[in-house]
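Novice: Here it is: the structure, laid out below.
The values are calculated or read from the model by the stated rules, or taken from the named source; none is laboratory data. Predicted, not measured: the structure shown is a model, and the values here were computed from it. Cβ: placed from backbone, ideal geometry, glycine included. Neighbour counts: every protein chain shown. The protein model used for the area step is the full one, side chains on, heavy atoms only, and it has no ligands, DNA or RNA in it. Shrake-Rupley method; radii C 1.70, N 1.55, O 1.52, S 1.80 Å.
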Amino acid sequence: MQSNTLAIGGRTQEPLTRYGVSGRTFQPEIDPLIAVIELRKSFKSLEVLKGVELYVKKGDVVVLIGPSGSGKSTLLRCINRLETIQSGDVQFAGQSLARGPVDINKMRRRIGMVFQHFNLFPHLTVLDNITLGPRKLRKLSAADANALAERLLERVGLLDKRDAYPSQLSGGQKQRIAIARALAMEPEVMLFDEPTSALDPEMVGEVLEVMKDLAKDGMTMIIVTHEMGFAREVADRVVFMADGVIQESGAPDKLFEHPKSERLVSFLGKVL
């Protein structure tokens, strides 16, 4: 069986196979929480992901950058199994999400996702949008779910909007509510798919501030964004994708100030 040797923090870890951590129990202190191994994904004749490898440890903030069509959003959707995995594997906490018995819905409760478009239920209040998942899936009582929602609304600065409907909110407020809704499931990982790209420029900052606070609190995050200043400030690692592969990866200062590939130099010249 093919395996991949993983180097983290300067130490070479035991090989990972496509069916989990080889020969031992998952160890969160040394093993990646998310392991993307030789992932390939095609839509008809178009190959979007061409053998992508990505390893994310607990507490890491990884920012994916690159031109449109490079496969960034598809990678996130594969991690959360919103797209089928055709070849390779995605592992979460040592468990394959592509092979063997796995409760995908249960796994998704541990992997929150925030989309470019907010996907709030227009007929529900802000409070009901946030409490729906905890009540239905986590089986919280209405009182406990409401208390949780109010704590999260306070965290994102929108407690005063608890009884409002999405149509009464700005784009930035809707996105902050979407983040609170994802956090209500108490995920171990948060995936953000261009969370500010649909917002007016003056609303971008309020959403990024919430994400910065999550990073400071140690939330594991994988973020697709075109906000280069945010990536430089928050990311532990920036990953540059183009043409369906990861072309460069490294610390923000190193990647932005000393790019190695002509493709990254060209990309940064257009966005910085």
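Novice: Using the Karplus curve 6.51 cos²θ - 1.76 cosθ + 1.60 with θ = phi - 60°, what ³J(HN,Hα) values do you get for each residue of the stretch 35-40, in whole Hz, with x for Gly and Pro?
Specialist: Result, ordered by residue: 10, 9, 10, 6, 6, 10 Hz.
Novice: So if we plug the beta-carbon distance of Leu137 and Phe43 into 1/(1 + (r/R0)^6) with R0 = 41 Å, what FRET efficiency do we get, rounded to 0.05?
Specialist: It comes out at approximately 0.85.
Novice: What percentages make up the Cα-Cα pair-distance distribution of the stretch 129-187 when the bins are 10 Å wide from 0?
Specialist: Computed distribution, short to long bins: 26, 57, 17, 0.
Novice: Assuming 0.36 nm per residue, please report the length gained on full extension of the stretch Asp103 to Glu233 beyond their Cα-Cα distance.
Specialist: 43.2 nm
Novice: Report, by chain and number, residues whose modeled amide H sits under 5 Å from the one on Met113, excluding near sequence neighbours (fewer than 5 apart, same chain).
Specialist: The list, which skips near neighbours in sequence, is Leu191.
Novice: Once the Cβ-Cβ distance between Ser249 and Ser87 is put in as r, and R0 is 25 Å, what FRET efficiency do you end up with, to the nearest 0.05?
Specialist: In this case the efficiency is close to 0.70.
Novice: Could you check which residue among Ser197, Ser45, Ser73 shows the biggest mean-square fluctuation in a GNM of the chain with a 10 Å Cα cutoff?
Specialist: Looking only at Ser197, Ser45, Ser73, the largest GNM fluctuation is found for Ser45.
Novice: Let me ask another. Compute the distance in nm between two label points, each set 7 Å from the Cα along the Cα-to-Cβ direction, one at Glu202 and one at Tyr165.
Specialist: In this crude spin-label approximation the distance works out to 2.5 nm.
Novice: Here is a further query. Please report, to two decimal places, log10 I(q)/I(0) for the stretch 52-180 at q = 0.14, 0.16 Å⁻¹ as given by the Debye formula with identical point scatterers on the Cα atoms and no solvent.
Specialist: For the stretch 52-180 at q = 0.14, 0.16 Å⁻¹, log10 I(q)/I(0) is -0.78, -0.96.
Novice: While we're looking at this one, here's another question. Spelling out what I want: for every residue of the stretch 255-272, take phi, set θ = phi - 60°, compute 6.51 cos²θ - 1.76 cosθ + 1.60 (Karplus), and round to whole Hz; glycine and proline get x.
Specialist: Values per residue, Gly and Pro as x: 5, 6, 8, 9, x, 9, 8, 4, 5, 6, 4, 5, 4, 5, x, 8, 10, 9 Hz.
Novice: Grab the beta carbon distance between Phe121 and Ala147, set R0 = 22 Å, and tell me the FRET efficiency rounded to 0.05.
Specialist: 0.60
Novice: GNM on the chain, C-alpha springs below 10 Å: top fluctuator among Ala231, Ala182, Ala147?
Specialist: Ala147
Novice: May I pose another question? Using a 7 Å offset from the Cα along the Cα-to-Cβ direction at both Phe26 and Glu53, what is the distance between the two label points in nm, to one decimal?
Specialist: With each label placed 7 Å out from Cα toward Cβ, I get 2.1 nm.
Novice: Still on this structure, I have one more. Counting only helical runs of four or more DSSP H residues, what would the 222 nm mean residue ellipticity of the chain come to if each run contributes -39,500 (n - 2.57) and the total is spread over all its residues?
Specialist: -10000 deg cm²/dmol
Novice: Here's another thing I want to ask about it. With each label point set 7 Å from Cα along the Cα-Cβ vector, what nm distance links Glu186 and Lys270?
Specialist: So the two model labels end up 4.4 nm from each other.
Novice: If you only keep lysine pairs separated by 8 or more in sequence, or across chains, how many in the stretch 20-75 come under 24 Å at the Cα atoms?
Specialist: Summing the qualifying lysine pairs gives 7.
Novice: Are there trypsin sites (Lys or Arg not before Pro) in the stretch 230-261 that DSSP puts in a loop and that have at most 15 other Cβ atoms within 10 Å, and which ones?
Specialist: Filter output for the stretch 230-261: Lys260.
Novice: Work out from phi, with θ = phi - 60° and the Karplus expression 6.51 cos²θ - 1.76 cosθ + 1.60, the ³J(HN,Hα) of each residue of the stretch 141-150, listed in order in whole Hz, and give x for Gly and Pro.
Specialist: For the stretch 141-150, the Karplus curve yields 5, 4, 5, 5, 5, 5, 5, 4, 4, 5 Hz.
Novice: Here is a follow-up. Where only protein heavy atoms count, and the probe is 1.4 Å, what is the accessible area per residue for the stretch 160-204 in Å²?
Specialist: Averaged over the residues of the stretch 160-204, the accessible area is 39 Å².
Novice: Of all accessible surface on the stretch 124-172 at a 1.4 Å probe, what whole percent is carbon and sulfur?
Specialist: 49 percent
Novice: If you don't mind, another one. Could you please put Glu233, Glu38 in sequence from largest to smallest accessible area, using a 1.4 Å probe?
Specialist: Result, largest first: Glu233, Glu38.
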